[in-house]
Amino acid sequence: MYRPYRRTTQWAVFGLMFLVPVLNLYEIYAVTGTLYAINFGGLGVADPSVILQAIFAAGHLTASLAAAAIFPLLLALLFGRIWCGWMCPYHLVADGAAWLRSWFRRRVQGKSDSEPFLVPVSFRANMIRFGFLTAGTALAACIAIPVLNYVNAPGILSTEAMILVKERIVSIEFGFIAVITAIELFLFPRFWCRLFCPTGAVISLFRTPYTLRVKNRLKNLKAPCCKEAHCASACPMGLTPALEADNLLCTNCGRCIDACNAHQESGRLHFSAFQ
């Protein structure tokens with residue numbers, strides 16, 4: 001149901017990372033920048049976590065920084081963490097690593113593709129990622145350096161795409177992407193998005209009672225609404241969406257809805273913008 005649209009959107013953003021520097025090479029500057037901060041015909045849009053780091057590192061907020069945050073924060077207020085589930089290029093890389101890990105477990109090791117997450121309890125996972133965000137922001141304020149920008153996976157990927165197109169090389173920062181992808185592939189699936197990503201942490205804080213989220217048509221559940229818990233096995237964030245759809249870890253990727261629809265004549269899970 002949602003998977004083809006989500007994949008198309010993910011690949012479109014991934015392609016945009018390479019398209020922008022190609023256009024700039026041919027002196028077409030309608031779009032410039034990277035996913036740290038990108039400019040569409042004079043309209044600046046920046047990653048909210050990058051802006052947060054800049055504010056605390058510089059010690060003040062400028063009008064241009066505030067303006068650059070408006071669009072991504074409005075997107076979050078309306079559609080939740082749709083950036084993470086539908087647009088983030090690193091999330092696409094993590095999807096690929098998770099698929100390879102699952103394939104290897106099933107085909108080579110003969111194991112189930114279902115496995116526990118590092119820090120499986122969602123409350124603890126949220127505590128770790130918000131603790132990481134808080135510590136990084138405090139450190140930026142103390143040393144006047146936006147430290148978390150150096151571990152901003154989508155921004156690094158976008159910058160590396162620009163360097164690759166313009167200079168035919170990759171920088172040392174690409175090593176960070178290689179390391180976290182290898183950890184997800186061989187050790188701890190989805191650990192970066194669930195436990196550390198500063199962008200996802202910041203975006204998840206901006207929500208209202210009318211923000212789009214996954215809802216269950218059955219109310220006041222204390223256990224998954226089917227014994228197989230198909231939604232839980234589909235969730236890349238380690239949630240049980242039938243019970244935890246409001247959790248700040250949810251990226252609105254829609255996988256749980258697809259899984260529910262595939263096993264129910266009328267899926268119980270659906271997107272809704274109302275409580």
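The values are calculated or read from the model by the stated rules, or taken from the named source; none is laboratory data. What you see is a predicted model, and the numbers here were worked out from it, not measured in a lab. Cβ sites come from the backbone with ideal geometry, for glycine too, and all protein chains shown count toward neighbours. The accessibility values were calculated without ligands, DNA or RNA, using every heavy atom of the protein model including side chains. Shrake-Rupley method; radii C 1.70, N 1.55, O 1.52, S 1.80 Å.
Of note:
- N220 meets the conditions (1) loosely packed, with under 14 Cβ neighbours inside 10 Å; (2) in contact (Cβ under 8 Å) with a residue 12 or more places away in the chain; (3) not acidic (D, E) in every case but one. The failed one is (2).
- Test for V179: is it open to solvent by 10 Å² or more (accessible area, probe 1.4 Å) and within 19 Å of D95 (Cβ to Cβ): yes
- Considering segment 1-34, and only residues there that are of a type in the set (D, E, K, R) and under 30 Å from D258 (Cα atoms), the residue that is most open to solvent (accessible area, probe 1.4 Å) turns out to be R3.
- Of all residues in segment 140-162, those being surrounded by 12 or more Cβ atoms within 10 Å (Cβ to Cβ), assigned to a helix (DSSP H, G or I) and over 23 Å from the mean Cα position of the chain (by Cα) number 1.
- Answer residue from segment 124-135, given it is free of Cβ contacts under 8 Å to residues at least 24 places away in the same chain and surrounded by 12 or more Cβ atoms within 10 Å (Cβ to Cβ) and is nearest to K215 (Cα to Cα) among those: M127
- Verdict on P120 being surrounded by fewer than 21 Cβ atoms within 10 Å (Cβ to Cβ) and either among the small types (G, A, S) or within 20 Å of I183 (Cβ to Cβ) (or both): yes
- Output for segment 138-176, where each listed residue is among the hydroxyl-bearing types (S, T, Y) and more than 20 Å from C88 (Cβ to Cβ): S171
- Which numbered condition T159 fails, given (1) more than 19 Å from L187 (Cα to Cα); (2) modelled with pLDDT under 95: (2)
- Restricting segment 195-214 to residues that are under 16 Å from W86 (Cβ atoms) and within 11 Å of the chain's Cα centre (by Cα) leaves a set whose member that is surrounded by the fewest Cβ atoms within 10 Å (Cβ to Cβ) is S204.
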